[in-house]
Structure formats: structure tokens, C-alpha cells
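Beneath this line is the structure, given in C-alpha cells, with notes to follow.
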Amino acid sequence: MKACATCGISSDDGATRCALCHEDFPDPSEPLLVDGRYQVEATLGRGQQGMVYLARDLNLGRLVALKVLHPSHASTPGAAERLKLEAKALASVRSDHVAQVYSFGPHASTFFLAMEYVEGRNLDALVAEHAAHKEYIPTHRGLTILRQMAHGLASLHAAGIVHRDVKPSNVMIEQGTGRTVLLDLGLARWFVQPTDSRLSFVGTPAYMAPEQILGEDPAQIAGHTDVYSLGCTAFELFTGSPPFSYATIPETLAHQMWEAPPKLSSRRPELAFLDPVVERALTKDPLGRYQSCSEVIDAIDEVCAGWPRIEASGEVEEASDAPSLRLMVIDDDEVFAAFAAEACGLALPDIVLDLVCASSGLEALQSAARTRPDVVVLDYDMPLLDGLETLSYLRAMPGGYNAQVMLVSSNMKHLPKWRFAAMGVTDFLEKPVDLGEFAAALNEVAARAFAQRGRFGGAATL
């Protein structure tokens, strides 16, 4: 059996044309090429609306997520124009927390959308992994993820787009940075125009707002609809399960419509300070909710006002003409810190290093508040703030997700590596470290840091 590249329907190996959408099957010896530039390398997913591929942009050499709409959706009246409108609106969104749109156009009898490919792990996988270890994503880290999601949604809403399917599986935590990115945009999820009297049932039951379930009035679907879904996602982020999840879809939808949500503190008493925020986000009446995700961010900041904060200084240092790298070694072991500092110079001889050594997490964060590091060599076992807590605060700083991190520990056997996935960390070294091994690992991390700097426009200093 082979799958159609356009609609995903399987056909016999000997078939030359898809029985459903009637597209010709390409020569299996030739890779699928879309728009003359996007060469398909793998299938990332498939659904009722179409296919999602991992493809390479042959002109620019970068990987993209290529979404190809099912012909049955593309052939409905006005679909092409609505898709074009949404593609233009999405392309106007400028947020680090929304997958970027690169191009849109016709493909065979349907349409494609080329978007930023974000490598990492979905939030639902991270929540499930923590649950499997009988733990929760740390509260501070969870708040950072929630705020970044809200920032992304606020950018979409400013462009006139309602996501309509906010849920943990559509939130990616980027590998290497820990950046939170909203996905699943633009695939038959166009925003409703005032003149459009039709409103399809779109969404996932465990995260759908009451007005989205009813689907009676398109004008009711707005930013507050995504706020409700964000509230459901926040509940799962902190407790491991959504507020309403039952054996059947009708049961779940009925409870979403009529049942008051449980308090966050009923599952985790220590999160009582967040109860007012989540409770208002999950209000059944759309007018009783936060009307924008900017209001959600303000509410989170207000209830977290007593939390430790390290403010950025806003200073910007002049860049050198030579390649430079801001590198921070965070380790309370003076011997290893000295070794790492010397090894960094040997490993990167052609790079101008702005090297900072910090003996504690607090000292490191105070330095990072002035100048964001590009690369961090981080010890795990430190007093007061351990490596996980230090990194959580660094990631929460504006631009803090730009830093590439290499974790070192003398107790790697018992290090909870899985807990660092929510921070985007995949590089680990065990002490004592061989100089050659350290140099090789640092070179790889430094290369990613330079690539990251290019993606987000300059060094990480704000």
C-alpha cells in the first residue's frame, strides 16, 4: 500500500492515481517536489484536513513544515480566497512564540502552506513524562511556558486570527532553546469573516469553549475563545490532566458547557495563588473571561508579584567586527570553572569570547540580566539554586531562550535528564571531563548558538 502525497489516503502499490482525489502518484524514484523548491523528506502527520511534511527549501537550504490541504477542503466555495487571506495574516505575525509562515500557493488541485519547522517536544509529551515520574513540571517553568503561549496568542489575535485549537499537543518546546512555540496554524483553520455565516465544528473537546461547541454565532468566536482553551491547557500543564476529560466526546462537551471547572488548588493546594487566573479564564460566559491574552499575562504577573524577579538592565554592548560569543560558566567548583574557562579558549581559538564565570545560580542570573549569554556551561549540583532552577529563571528572561546550554554533573547516573527537556536541553557531560570531549561538545553547541543568533537577529542582549 502507498499513501497519496496530497490527501494521505492509501492505495494499492500498483495504482497510478489516487482513488479519492485523483492525483497522479509521483515516480517513487523521484522525491516529491512542491512549488519547484520544497523537497519532501518525511511525513510529520496526517489528519482530516490534509498532510504535514518535513521538507527542505532547496533555495535556502532550510527545513520547513509543509502543510498540504486535502482537495475536498480546497474545493469548497471561497476556500482558496479564505486560505490566501489567512496565509497573508499569518505571514504578518511577528512573534517568537508562533510558528512563522514562509509561503503559500497552489499545489496540484489543492494548496500548500510552508511554515517554520520547530524541532523539539510537544507540551503534552512533557506533561506525560513528568506524570510518569510522579512529578509536575516545575511551577516557575510552567508559568514561563504559559506566558509565552499567551504572548503568541496575543500576536495572532492582533492579526485577526483565532487559533481555535489551543492544546498541549499544539505547543512545542524547542530543542536547544526551550522556546515555547504555537503550532497547527493555517490548515483549514481560517478565521471567521463577519460576512461568513458558516461556522464549522473545529477544535478538540477537552479544550473547547462553550461558544465554540455551540457554533451558532460566528461573531462569538474571538480572542476570548482561545483564552478558554489556554485555561484548559494551563490546568493540564500544572496538574497533568485537563479540567474536563471523560470517556466519550458527548460527556466531555456537556461538562465543558455546563459544569463549573475544579479549582487548580483542589489538585495542588500550593497553586492556590493561581486559582483566580485559571478560574476567570475558564468562565463559561465569554464576556466574563479575560478578553485578551494580554490581560492573562497581566493577571499572571500580578499574582506572581511576590516571586523573585531579576530585571534586565536594558544595556546593549557594541558588537565586535570579529566573530564573538558570550559564554557563561556556572559552577561552584572553582577547579572545574578554571578548567572550563581555559578549555573554552582552546576549543574556540578563532572566536572572541566574552567569558563570565559565576559560582552560583544567583550570581549567574544577575550577570545574565545585564547581558544575555549565547552559551551556558551549567553545573547541576549547586547550593541554593540548582542547575534546573537557575535555568528556569534564565529561560524566563526576555530573550533567555536564545542561550544554548550544556549541562555538566559529577553524578550523571542519577541526573534527572528528562526534567531538562522542558528547558530544551539535550547536551550533557559527566565530570571529570576530558579536554577533547569538552572541546568537541562546546564546538557543536557554539555552532548552534551562532545559528540561533542569525534566526533571532543578533546577539541575545536586549
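Computed values, structure above
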{"quantity": "Residue match in region 53-74 (condition: at pLDDT below 75, more than 30 Å from A158 (Cβ to Cβ) and touching a Ser or Thr at 6+ places or on another chain (Cβ under 8 Å))", "calculated": "no"}
{"quantity": "Identity of the residue in region 399-414, among the aliphatic types (A, V, I, L, M) and crowded, with 19+ Cβ neighbours inside 10 Å, that ends up nearest to the chain's Cα centre (by Cα)", "calculated": "A403"}
{"quantity": "Output for region 363-381, where each listed residue is assigned to a loop (DSSP other than H, G, I, E, B) and among the basic types (K, R)", "calculated": "R372"}
{"quantity": "Residue match in region 352-359 (condition: part of a helix (DSSP H, G or I) and at pLDDT below 90)", "calculated": "no"}
{"quantity": "Index of the failed condition, S265 passing every other in (1) part of a helix (DSSP H, G or I); (2) modelled with pLDDT of 90 or more; (3) closer than 23 Å to S294 by Cβ", "calculated": "(3)"}
{"quantity": "Counted residues, region 310-350 - those being part of a loop (DSSP other than H, G, I, E, B) and modelled with pLDDT of 85 or more", "calculated": "3"}
{"quantity": "Of the criteria (1) under 25 Å from D386 (Cα atoms); (2) without any contact (Cβ under 8 Å) to a residue 40 or more places away in the chain, which one H140 fails", "calculated": "(2)"}
{"quantity": "All positions within region 360-373 that are within 22 Å of A441 (Cα to Cα) and surrounded by fewer than 24 Cβ atoms within 10 Å (Cβ to Cβ)", "calculated": "R372"}
{"quantity": "Any chance D275 is assigned by TED's automatic domain parsing to the domain that holds L153, out of contact with any His (no Cβ under 6 Å at 6 or more places or on another chain) and more than 19 Å from Y207 (Cβ to Cβ)", "calculated": "yes"}
{"quantity": "Cβ pairs under 7 Å, 6+ apart, first in region 240-265 and in contact (Cβ under 8 Å) with a residue 24 or more places away in the chain and under 17 Å from Y228 (Cβ atoms), second polar (S, T, N, Q) and outside any helix (DSSP H, G or I)", "calculated": "T252/S245"}
{"quantity": "So M208, is it in contact with a helix residue (DSSP H, G or I) (Cβ under 9 Å, 6 or more places away or on another chain), more than 21 Å from R289 (Cβ to Cβ) and at pLDDT 90 or above", "calculated": "no"}
{"quantity": "The listed residue being in contact with a helix residue (DSSP H, G or I) (Cβ under 9 Å, 6 or more places away or on another chain), in a helix (DSSP H, G or I) and closer than 28 Å to I137 by Cα, out of L388, L384, L429", "calculated": "L388"}
{"quantity": "Test for I145: is it buried (at least 19 other Cβ atoms within 10 Å of the Cβ), outside any helix (DSSP H, G or I), β-branched (V, I, T) and modelled with pLDDT of 90 or more", "calculated": "no"}
{"quantity": "In region 370-389, the residues that are under 21 Å from A343 (Cβ atoms) and touching a residue at least 60 places away in the same chain (Cβ under 8 Å)", "calculated": "P373, D374, V375, V377"}
{"quantity": "Whichever residue in region 275-294 is buried (at least 16 other Cβ atoms within 10 Å of the Cβ) and in contact with a Ser or Thr (Cβ under 8 Å, 6 or more places away or on another chain) and, among such residues, is nearest to Q148 (Cα to Cα)", "calculated": "R289"}
{"quantity": "Residues of region 223-239 that turn out to be out of contact with any Lys or Arg (no Cβ under 6 Å at 6 or more places or on another chain) and either of a type in the set (A, V, I, L, M, F, W, C) or outside the structural domain of T252 (by TED's automatic domain parsing) (or both), as a count", "calculated": "6"}
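The values are calculated or read from the model by the stated rules, or taken from the named source; none is laboratory data. In this text, all values refer to a predicted model and were calculated from it rather than measured experimentally. Ideal geometry is used to build each Cβ from the backbone, glycine not excepted, and the neighbour counts take in all protein chains shown.
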